[in-house]
Amino acid sequence: GCYLDNIEPATGEVYSLIPDSGTEDVARAVEAAKKAYPTWSTLTAAERSKHLLAVAHRIEERMDELAAAE
């Protein structure tokens, strides 16, 4: 896919790349959200929180790898 420069306003320097998402990417995201909604909407706030904290934990575990990929 294509990427756009993410520019630091204070310095004008490129500090990362961000995906240049197109209509197909957006359509896939919307379809994924529609598919997940029936299950996700039945969860309590506490259950949703548990899932989101698990995702955050996995991101933290792979922080170095994710930072290197950027």
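The numbers here are math on the coordinates, done by the rules we state, and not lab data. Bear in mind the structure is a predicted one, so any value in this text is a computation, not a measurement. Here the Cβ is made from the backbone with ideal geometry for all residues, glycine too, and neighbour counts use every protein chain on show.
Compute the long axis of helix 23-40 from its Cα atoms, compare it with the longest principal axis of the Cα atoms of the chain, and write down the angle in degrees, 0 to 90, nearest 10. Roughly 30 degrees, rounded to the nearest 10.
By definition, a body whose alpha carbon gyration tensor gives a ≥ b ≥ c is oblate when a/c is 1.5 or more and a/b is not larger than b/c, and the chain fits this oblate description.
Please identify every one of the trypsin sites (Lys or Arg not before Pro) in segment 17-70 that sits in a loop by DSSP and has no more than 13 other beta carbons within 10 Å of its own beta carbon.
Within segment 17-70, the qualifying trypsin sites (Lys or Arg not before Pro) (loop, at most 13 other Cβ atoms within 10 Å) are Arg62.
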